[in-house]
Amino acid sequence: MSVRPGVIERYREFLPITEKTPLISLGEGSTPMVLSENIGPRLGCKALYFKLEGCNPTGSFKDRGMVLAVAKALEAGKRRIVCASTGNTSAAAAAYGARYGLETIVLVPSGEIALGKLAQAMAYGARILAVNGSFDDAMTTVIDIVDAIDAELVNSVNKYRIEGQKTGAFEIVEDLGDAPDMMCLPVGNAGNITAYWKGYKEAQTRGMARSLPRLMGFQAAGAAPIVLGKRVAHPETIATAIRIGNPASWKTAVEARDESGGLIDKVEDREIIDAYLMLARDEGIFCEPASAASVAGLLRLGELGVDVAGKTIVCILTGNGLKDPGTAEKRALVELEYVEPDLESVVNLLKKH
Ligand SMILES: *Cc1c(COP(=O)(O)O)cnc(C)c1O
């Protein structure tokens, strides 16, 4: 439990829980919706909001689904959870697993995980298996072993993950009083776009929202199977959280795109980094590279023939920038300015440009 209700308690009537489901929480959900000061006005949006999912307890939206998956695993009497991960799923699994006494086993692609995410899984005490292969190889392996090791699978193929993640849509609808015109988000394994669409549709059915948004999903150009319409054997992008060549929720992502009248397109790594630095420098928001794909995509919508002027738009910033300090260090191109610790030295240095 947490003092502020977590997503299970806050949205219990919308979630598949029973009297036996423990109302566990690490304080996930209720994340800030921050109005854009600079990017939105430049684009002529009526209002552009950033939903800061990096403010969740383990620093990404994965906590919303993980809390429910772990609650259901506890309800079923499981002792062990397992997942494949590009990093954030393993951090979330390891945190909730640690808190509620479950052994957590994570399979990560060897050498492809951002430092902050790996540090989290280590600190929470998960067993970390570094697979000699890609995320997609790790995912296939997990599905093969899950029964043999008597564990609960907590990847987003676990339906409770999607159920928990749909609460992001409820929060947006509550904050805005209705659905936005459009919502932009990164697409990797495609669970989140699936979950948001489910959430918005339920919000409308239950009278919380009158309208539905167009969902605008963005994959990295080097890892864009849905855009290309075929699997990518060797996905490549700086945005490790969306470096996925064969998304588990491919079909439902396409449905979300088509039913919402939205699109799924791709953005180059260069555009991702530009958006990542723009968010930090024009908005004061430090998100991880994958998250910035939503804003990189927003900036491309004009080119794609979508008018953003006068629209209310929400970009989901899926994870915290501190997850991946290496990218900031390499891409921000800021050098330390060394100085002696006295007034004259500092003043003289600041006079130079
Ligand atoms: C998992 C993740 C994504 C991709 O979400 P999917 O549900 O796999 O499409 C994007 N950004 C971050 C930070 C993530 O952790």
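The values are calculated or read from the model by the stated rules, or taken from the named source; none is laboratory data. Fair warning: this is a prediction, and the values are worked out from it, not measured in the lab. All Cβ positions, even for glycine, are placed from backbone atoms using ideal geometry, and neighbour counts span all protein chains on display. In case anyone asks, the SASA skips ligands and DNA or RNA and just uses the protein heavy atoms, side chains included. Shrake-Rupley method; radii C 1.70, N 1.55, O 1.52, S 1.80 Å.
Quick notes on this one:
- Taken over the stretch 263-284, the criterion of being open to solvent by 20 Å² or more (accessible area, probe 1.4 Å) and either touching a residue at least 40 places away in the same chain (Cβ under 8 Å) or among the small types (Gly, Ala, Ser) (or both) is satisfied by LEU263, ASP265, LYS266, GLU268, ASP269, LEU277, MET278, ALA280, ASP282, GLU283, GLY284.
Let's see how each residue does on (1) touching a Cys at 6+ places or on another chain (Cβ under 8 Å); (2) closer than 28 Å to LEU212 by Cα; (3) of a type in the set (D, E, K, R):
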{"residue": "ILE273", "(1), (2), (3)": "no, no, no"}
{"residue": "GLY284", "(1), (2), (3)": "no, no, no"}
{"residue": "CYS287", "(1), (2), (3)": "no, yes, no"}
{"residue": "VAL295", "(1), (2), (3)": "yes, yes, no"}
{"residue": "VAL334", "(1), (2), (3)": "no, no, no"}
{"residue": "GLU337", "(1), (2), (3)": "no, no, yes"}
{"residue": "ASP342", "(1), (2), (3)": "no, no, yes"}
{"residue": "SER345", "(1), (2), (3)": "no, no, no"}
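- Looking at TYR11, TYR49, just one residue is in contact with a Cys (Cβ under 8 Å, 6 or more places away or on another chain) and either under 28 Å from THR86 (Cα atoms) or away from the ligand (no atom under 16 Å from the Cβ) (or both), and that residue is TYR49.
- Considering (1) within 16 Å of the ligand (Cβ to nearest atom); (2) within 22 Å of ASN192 (Cα to Cα), the lone condition that VAL82 does not fulfil carries the number (1).
- Single condition ALA203 does not satisfy, out of (1) more than 20 Å from SER156 (Cα to Cα); (2) assigned to a helix (DSSP H, G or I); (3) open to solvent by 10 Å² or more (accessible area, probe 1.4 Å): (3)
- Cβ pairs under 6 Å, 6+ apart, first in the stretch 51-79 and free of Cβ contacts under 8 Å to residues at least 40 places away in the same chain, second away from the ligand (no atom under 14 Å from the Cβ): PRO57/LEU26; PRO57/GLY27
Conditions (1) among the small types (Gly, Ala, Ser); (2) within 13 Å of the ligand (Cβ to nearest atom), marked per residue:
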{"position": "TYR196", "(1), (2)": "no, yes"}
{"position": "GLN204", "(1), (2)": "no, no"}
{"position": "GLY229", "(1), (2)": "yes, no"}
{"position": "VAL232", "(1), (2)": "no, no"}
{"position": "GLU236", "(1), (2)": "no, no"}
{"position": "ARG243", "(1), (2)": "no, yes"}
{"position": "ILE272", "(1), (2)": "no, yes"}
{"position": "ASP282", "(1), (2)": "no, no"}
{"position": "GLU288", "(1), (2)": "no, yes"}
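- Residue in the stretch 322-338 that is touching a strand residue (DSSP E or B) at 6+ places or on another chain (Cβ under 8 Å), modelled with pLDDT of 95 or more and buried (at least 16 other Cβ atoms within 10 Å of the Cβ) present: no
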